[in-house]
Amino acid sequence: MRNDTGRIVAGTVAIAAILPYLTLKTLWMTGNPVGVHEPDLMAGSEMTGLNAMTLGLDLVALVLAVGFTFGWGRRLPAWLVLLPLWVGTGLLVPIVVGLPVTLALDGPGAFATGPLESWVYVVVYGGFTVQGLALGASLVIYARDRWPAVFAGRYGGAVPALMTLIARGALGLCAVIGGVRLYWALGGTAGLDPAMAAGLSLSGAVQQAFTALLTIAGGVAFLALVRGARRVPYLFVAWLGTGSLFAWGLYSLILLAVGGPLRPEGVETAVPSLVDLFSTLTGLVMGVAGAVELVSGGRVVQPAQDPLEGDDRDRDRATADQGHH
């Protein structure tokens, strides 16, 4: 029996944390404005599209959480597991850090304003926090079971000069992006619309600083991995840093393009949008390069479990890297 108790507990907690958010989204999309001060808010096409997108993302998270809990999840294609979890954990890690910071600095009153009832924010962001922690634990247990060689540092092959060049260039971009965000977090206003600068609270500044440091740390860790440091902490930081760069950059650009009530206030200047654009592109390049690094040599992250390992449902404990390469 290999991590069975931890696997089941973490997966069950993740499923339980996902369900309230799915319930709210389903109610809103079917015309029930529960927890909404302004019912017309959910009637617009922009909010309908955004609700559908976020509902779809959490449905994928639910499927993966169930897959992590039961043995059939080990036979899912690798990309179907790693890609959405890379994006999902990238989205969730700032929330996991940001919620306690907001509550500590601003108190429950931080959720007293806005178009939604205060309890909705608690349910949504509290659920995201638990979901992020539980999915992260589930992913670690799942990956250790399915790809133990990764945790032993046995992956990748000879590193081409192009990969090193990409990693160094990415670190430079991460330093610029993180430096700009850190400058804003410390009170700098250059490049910001006055409304955006005035609306940054203390908790928002702390979260901005955390995002900046995570960006820079992700670039450093990615370069260390490319240069041969096959240690789990480097892989962990690079995973979260690149995922957060890509996911939040893309989400911000989507909100900007779609408009509607969720469009950030004070984005009349181009600098924040350029930062989001370069965050998205930098995270994407690093993610693709990291995937290439994991599969190079053909020994570790295979597309799916080999059919010869058989299908005996939850009794199937053979991992995808045992007995075949």
*Any idea which residue in the range 266-303 is modelled with the highest pLDDT, counting only those that are assigned to a loop (DSSP other than H, G, I, E, B) and closer than 17 Å to ARG230 by Cα?*
SER296
*Give the residue that is farthest from GLY109 (Cα to Cα), with candidates limited to residues of the range 167-195 that are of a type in the set (A, V, I, L, M), out of contact with any Phe, Trp or Tyr (no Cβ under 9 Å at 6 or more places or on another chain) and part of a helix (DSSP H, G or I).*
ALA175
*Give the residues of the range 226-251 that are surrounded by 15 or more Cβ atoms within 10 Å (Cβ to Cβ) and at pLDDT below 90, sorted by residue number.*
VAL226, ARG230
*Is it fair to say GLY6 is closer than 21 Å to TYR251 by Cβ and part of a helix (DSSP H, G or I)?*
no
*Could you name every one of the helices (runs of 4 or more DSSP H) located completely within the range 42-161 that has at least 1 residues being within 28 Å of LEU27 (Cα to Cα)?*
45-69, 78-106, 118-146
*Which condition number in (1) touching a residue at least 40 places away in the same chain (Cβ under 8 Å); (2) within 23 Å of THR282 (Cα to Cα); (3) of a type in the set (Gly, Ala, Ser) is the one that ALA221 fails?*
(1)
*Which is more than 21 Å from PHE278 (Cβ to Cβ) and over 21 Å from the mean Cα position of the chain (by Cα), of GLY191, GLY228?*
GLY228
*asked:* It is to be established whether one or more residues within the range 71-90 are within 21 Å of LEU240 (Cβ to Cβ) and charged (D, E, K, R).
replied: no
*asked:* Can you find, within the range 52-110, the residue that is modelled with the highest pLDDT among those that are of a type in the set (Phe, Trp, Tyr) and buried (at least 18 other Cβ atoms within 10 Å of the Cβ)?
replied: TRP86
_Residues that are of a type in the set (A, V, I, L, M, F, W, C) and under 16 Å from the mean Cα position of the chain (by Cα), drawn from the range 200-212_ = PHE210, ALA212
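Kindly check whether there is at least one residue in the range 15-31 that is in contact with a strand residue (DSSP E or B) (Cβ under 8 Å, 6 or more places away or on another chain), under 27 Å from SER244 (Cβ atoms) and either in a helix (DSSP H, G or I) or among the polar types (S, T, N, Q) (or both).
Taking the range 15-31 as the starting set, the residues that turn out to be in contact with a strand residue (DSSP E or B) (Cβ under 8 Å, 6 or more places away or on another chain) are 28.
Still in the list and also under 27 Å from SER244 (Cβ atoms): 28.
Restricting the remaining residues to those that are either in a helix (DSSP H, G or I) or among the polar types (S, T, N, Q) (or both) gives 28.
Yes, some residue in the range 15-31 is in contact with a strand residue (DSSP E or B) (Cβ under 8 Å, 6 or more places away or on another chain), under 27 Å from SER244 (Cβ atoms) and either in a helix (DSSP H, G or I) or among the polar types (S, T, N, Q) (or both).
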_I'd like to verify a number: residues in the range 30-51 that are under 23 Å from LEU253 (Cβ atoms) and either touching a residue at least 60 places away in the same chain (Cβ under 8 Å) or surrounded by fewer than 16 Cβ atoms within 10 Å (Cβ to Cβ) (or both), how many?_
8
*For residues that are of a type in the set (D, E, K, R) and over 13 Å from the mean Cα position of the chain (by Cα), scanning just the range 53-100, find the one that is nearest to VAL124 (Cα to Cα).*
ARG74
*Across the range 150-174, which residue is nearest to the chain's Cα centre (by Cα) among those that are of a type in the set (Gly, Ala, Ser) and surrounded by 15 or more Cβ atoms within 10 Å (Cβ to Cβ)?*
ALA170
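The values are calculated or read from the model by the stated rules, or taken from the named source; none is laboratory data. Remember, predicted model here, so these are calculated numbers, not experimental data. Every residue, glycine as well, gets a Cβ built from its backbone with ideal geometry; the counts of neighbours run over all protein chains shown.
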